[in-house]
There are 2 protein chains.
Amino acid sequence: MTTVRIYVTYKQSVFDPQGEAITNSIHSLGHDEVQSVKVGKFFDVVIDPSKKAVEESVKEISEELLVNFNMETYTYKVLEEK
Amino acid sequence: MTTVRIYVTYKQSVFDPQGEAITNSIHSLGHDEVQSVKVGKFFDVVIDPSKKAVEESVKEISEELLVNFNMETYTYKVLEEK
């Protein structure tokens, strides 16, 4: 089984309101050492590589379900193979 | 400036309903190579290390704001120092 972590973030050009709100909250707690915060989500996906190539599976589930390509982009890395 | 990525996940013992729902959706799209999905979020935080030590800042903002320690846990790594 292969575990991959798929990271989904807003595209550079898209405003991240949640990150902006968190930055403001952090500042109001007195943390002026923090310059900015951006928010993203990740999916740890366990794939059986004997059934489908991992790279192909990641591409398909990202395109079909996990990522809104209008606003978001993704990267992934393999966490574990065993 | 130092950029850190703080990963927030559910504790092992906590049920992840969103991950479960996504797993079901992936299966109904025909991806039987996927065994399970767990969901998490991350925060890319830019910190000025001349104002506060990065490790201390991460610990404080995680405890004060980003993490619900009843259900969640966190790790972080440094993405960039420049």
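Distance from the Cα centroid of region B:20-82 to that of region A:16-82 is 9 Å (rounded to whole angstrom). Dividing the summed -39500 (n - 2.57) terms of all DSSP H runs of n ≥ 4 by the residue count of chain B sets its mean residue ellipticity at 222 nm at -7000 deg cm²/dmol. Rounded to the nearest 100, the interface formed by chains A and B buries 3000 square angstrom of accessible surface, both chains summed, with a 1.4 Å probe. Here the convex hull built on the C-alpha positions of the protein assembly as shown has a volume of 123 cubic angstrom per residue. Taken along its three principal axes, the alpha carbon spread of chain A comes to 51, 29, 14 Å, from the longest extent down to the shortest. Using the 1.4 Å probe convention, the accessible area of the protein assembly as shown works out to 56 Å² per residue with neighbouring protein chains retained. Checking the table A:LYS41/A:LYS77; A:LYS11/A:LYS59; A:LYS59/B:LYS82 against a 22 Å threshold on Cα-Cα, which pairs fail? Long pairs (Cα-Cα over 22 Å): A:LYS59/B:LYS82.
The values are calculated or read from the model by the stated rules, or taken from the named source; none is laboratory data. Computed from a prediction, not measured in an experiment: that's the story for all the values here. Accessible surface is based on the protein model in full, side chains and every heavy atom, while ligands, DNA and RNA are left aside. Shrake-Rupley method; radii C 1.70, N 1.55, O 1.52, S 1.80 Å.
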